[in-house]
Amino acid sequence: MTVGVVGLGLIGGSIAKAIKYNTDNKVIGFDIDENVVLKARLLGAIDEEMTEQKISECDIIITGLYPEATKKYITDNAQKFKKGAIVLDTCGVKEYVCEDMYRVARENGFTFIGTHPMAGLHLSGFEHSKVTMFSNASMLLVPSADTGINELEIVRKLFSAIGFTNIQNTTPEEHDRIIAFTSQLAHVVSNAYVKSPSAKLHKGFSAGSYKDLTRVAKLNEVMWTELFLENRENLISEIDTIIENLTEYSKALKEDNADELEKLLRDGRICKEQIDG
């Protein structure tokens, strides 16, 4: 197959590298930065540049773009895709992207499947992309109700070949609701946590817990602003919930209520044990 990768940043670049290293597929790539395309070719991440004329040669096209740019690219090039081609996005939100793209795909004779690789770094750009990025990672597939079994199997085999070991289907609604908690809230909390004046004094006083909680505070604010706003209702609900929970801890401390504080801590420990199985 010929696989086209649009956007050779952290995720797109890692996908291109992983497909080249682990499969016999031809990989062609595009990025708005011509230097990135040149670097990808020199490093063997892609076989050649994905020009406008080569779009129709692709059996699979994977976009590594922000949601708005993803929708624009797919819509603008819908008539150029090969009939029967499979087009995949890798965005961190799905309701905003999928419903419109399902419709565009049906109208233009290709299959669109939303995907979300549950892997990444707090860094961005092709220079940080890795061939092993997806080793033992989870992949979420968000197909439309009319997606064919054959197309899903092709996608599953490709993602299995590049390292994903847990590939599961979900809906746009379920994806966005859960990802608001597992990913987006974590970035908000980490980003807010380091704004404490005490953070400037952490050296020599911090260990694993500080490192774990602050890792994703160093984020791409342009991308995450877009993702947060496109999933704002789900994220607002999660932020409000954690504020309510933290308020209970604060209240117990202010009232010097050891019994209540111990109960809150015990409840949290039990929750962690239950979700970890």
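See the values below:
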{"read-out": "Test: residue in the range 51-60 that is closer than 23 Å to ALA137 by Cβ, in contact (Cβ under 8 Å) with a residue 12 or more places away in the chain and part of a strand (DSSP E or B)", "value": "yes"}
{"read-out": "Residue among THR241, THR165 that alone is modelled with pLDDT of 95 or more, exposed (fewer than 14 other Cβ atoms within 10 Å of the Cβ) and within 20 Å of the chain's Cα centre (by Cα)", "value": "THR165"}
{"read-out": "Whichever residue in the range 65-83 is within 20 Å of LEU229 (Cβ to Cβ) and among the charged types (D, E, K, R) and, among such residues, is most open to solvent (accessible area, probe 1.4 Å)", "value": "LYS72"}
{"read-out": "VAL194 modelled with pLDDT of 95 or more and over 30 Å from ASP24 (Cβ atoms)", "value": "yes"}
{"read-out": "Test: VAL189 is within 21 Å of MET118 (Cβ to Cβ), part of a helix (DSSP H, G or I) and touching a helix residue (DSSP H, G or I) at 6+ places or on another chain (Cβ under 6 Å)", "value": "no"}
{"read-out": "Selection status of ASN35, open to solvent by less than 70 Å² (accessible area, probe 1.4 Å) and at pLDDT 95 or above", "value": "no"}
{"read-out": "For GLY204: the one exception among (1) on the phi > 0 side of the Ramachandran plot; (2) under 19 Å from the mean Cα position of the chain (by Cα)", "value": "(2)"}
{"read-out": "Residue in the range 105-152 that is surrounded by the most Cβ atoms within 10 Å (Cβ to Cβ), counting only those that are among the polar types (S, T, N, Q), in contact with a Leu (Cβ under 8 Å, 6 or more places away or on another chain) and in a loop (DSSP other than H, G, I, E, B)", "value": "SER129"}
{"read-out": "Lone qualifier among LYS157, LYS195 - being more than 14 Å from PRO117 (Cα to Cα) and part of a helix (DSSP H, G or I)", "value": "LYS157"}
{"read-out": "Residue among GLU95, GLU52, GLU48 that is open to solvent by 30 Å² or more (accessible area, probe 1.4 Å) and touching a Pro at 6+ places or on another chain (Cβ under 7 Å)", "value": "GLU95"}
{"read-out": "The range 188-216, subset of a type in the set (Phe, Trp, Tyr) and farther than 23 Å from ILE236 by Cβ, residue surrounded by the fewest Cβ atoms within 10 Å (Cβ to Cβ)", "value": "PHE205"}
{"read-out": "Residue in the range 77-100 that is over 27 Å from GLU233 (Cβ atoms), part of a helix (DSSP H, G or I) and acidic (Asp, Glu) present", "value": "no"}
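Every residue, every condition in (1) closer than 22 Å to VAL189 by Cα; (2) touching a Phe, Trp or Tyr at 6+ places or on another chain (Cβ under 6 Å); (3) part of a helix (DSSP H, G or I), yes or no:
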residue	(1), (2), (3)
ASN245	yes, no, yes
GLU248	yes, no, yes
ASP256	no, no, no
GLU262	no, no, yes
ASP267	yes, no, yes
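The values are calculated or read from the model by the stated rules, or taken from the named source; none is laboratory data. All figures in this text were calculated on a predicted structure; none of them were measured in a lab. Ideal geometry is used to build each Cβ from the backbone, glycine not excepted, and the neighbour counts take in all protein chains shown. We work out accessible area using only protein heavy atoms, side chains counted, and drop any ligands, DNA or RNA first. Shrake-Rupley method; radii C 1.70, N 1.55, O 1.52, S 1.80 Å.
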